[in-house]
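Here is the structure we will look at.
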Amino acid sequence: MSSAYTPGQEFAGLVAVITGGTGGIGSATAEYLSARGAKVAVLDVNQSTDSTYYSDRCDITDDADVQRAITAIAKHFGAIDILINNAGIGAGGDVTANSDEEWLKVFNVNLFGAVRVTRAAMPYLKQSNVASVVNTASVVADIGLPNRALYSSTKGALEALTRAMAADYIAAGIRVNAVSPGTADTPWVARLLAESADPAAMSANLVARQPMKRLITAHEVAHAIAYLASPLSSSTTGTILPVDAGLHSLRTS
Ligand SMILES: NC(=O)c1ccc[n+]([C@@H]2O[C@H](COP(=O)([O-])OP(=O)(O)OC[C@H]3O[C@@H](n4cnc5c(N)ncnc54)[C@H](O)[C@@H]3O)[C@@H](O)[C@H]2O)c1
């Protein structure tokens, strides 16, 4: 093999920052990248109790907090090579359901949070020769699902931002991609079920919607994030990769 990188340890020596890194997909991604050699820094409003990784209680809605946390990571590790913009919050309802404050709150995390963290990390990413940004979008950016007007809008904007950033930084050698998960079995979905009047019926509906008739695992999404972040994927940029049990493209009945 002519590559300079060993598959399985291709992240050796690279520094990866993961927002939402204590959540379901974020913690699976931390585990995955770390197992393949990355030095992982986890940013989350929930402080990690896992001492395996560098972690910082950082709120991505606060620009000063983001600047502080990213500067501290760069100082601690001496570099930032990979950024996973994964933190997100949900919202339900049609277009009339949410107040201006709720629209601003969800955009503030799901879109503006990714902007803030990327802006802060950019000077360090520009110094890496394998720099990569991966954003966690969602199937709802591409498929109209009921009662997801606000949440879907944030993820559609995040996909547009992914492609725009990929174009802006292609000359600098910084790749920018996104994953687009379907419904994944994480604490997020557990919360949705807990809030539902009929959790069993809701769970059955979520599974029935997936062409594979099962939820996606956090590790399956982490694997796709790692594929996009990997230096071995050096020709892949501006891509939105579905991890959705077929939901984007299949009709099975
Ligand atoms: N679970 C799914 O079905 C699904 C499907 C498609 C996309 N996604 C996306 O995947 C990403 C991860 O979701 P998950 O399922 O792991 O949910 P999760 O709730 O387990 O993880 C989300 C994490 O983001 C963190 N977070 C929220 N607001 C933050 C803030 N202001 N600053 C820093 N951290 C913050 C939370 O504390 C949490 O740890 C989200 O962007 C979500 O929109 C999830």
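The values are calculated or read from the model by the stated rules, or taken from the named source; none is laboratory data. All of these numbers come straight from a predicted model, not from anything done at the bench. Heads up, the Cβs are rebuilt from the backbone with ideal geometry, glycines too, and the neighbour counts pull from every protein chain shown.
Name the single residue, out of those in the range 14-27 being over 15 Å from Ser55 (Cβ atoms) and within 8 Å of the ligand (Cβ to nearest atom), that is surrounded by the most Cβ atoms within 10 Å (Cβ to Cβ). That would be Ile25. Each residue in the range 205-225 was checked for being in contact with an Asp or Glu (Cβ under 9 Å, 6 or more places away or on another chain), among the hydrophobic types (A, V, I, L, M, F, W, C) and either in contact (Cβ under 8 Å) with a residue 40 or more places away in the chain or surrounded by 22 or more Cβ atoms within 10 Å (Cβ to Cβ) (or both), and 3 of them qualify. Only a single item in (1) part of a helix (DSSP H, G or I); (2) at pLDDT 95 or above; (3) more than 22 Å from Leu158 (Cα to Cα) is not met by Arg214, and it is number (1). Of all the listed residues (Ser234, Ser253), the sole one being more than 14 Å from the chain's Cα centre (by Cα), closer than 21 Å to Asn85 by Cβ and among the polar types (S, T, N, Q) is Ser234. Among residues of the range 73-129 being more than 15 Å from Ser153 (Cβ to Cβ) and of a type in the set (D, E, K, R), the one that is farthest from the ligand (Cβ to nearest atom) is Lys126.
Just wondering, is there one or more residues in the range 154-172 that are closer than 26 Å to Ala97 by Cα, touching a residue at least 12 places away in the same chain (Cβ under 8 Å), touching a Phe, Trp or Tyr at 6+ places or on another chain (Cβ under 9 Å) and part of a helix (DSSP H, G or I)? Yes, there is a match, as at least one residue in the range 154-172 is closer than 26 Å to Ala97 by Cα, touching a residue at least 12 places away in the same chain (Cβ under 8 Å), touching a Phe, Trp or Tyr at 6+ places or on another chain (Cβ under 9 Å) and part of a helix (DSSP H, G or I).
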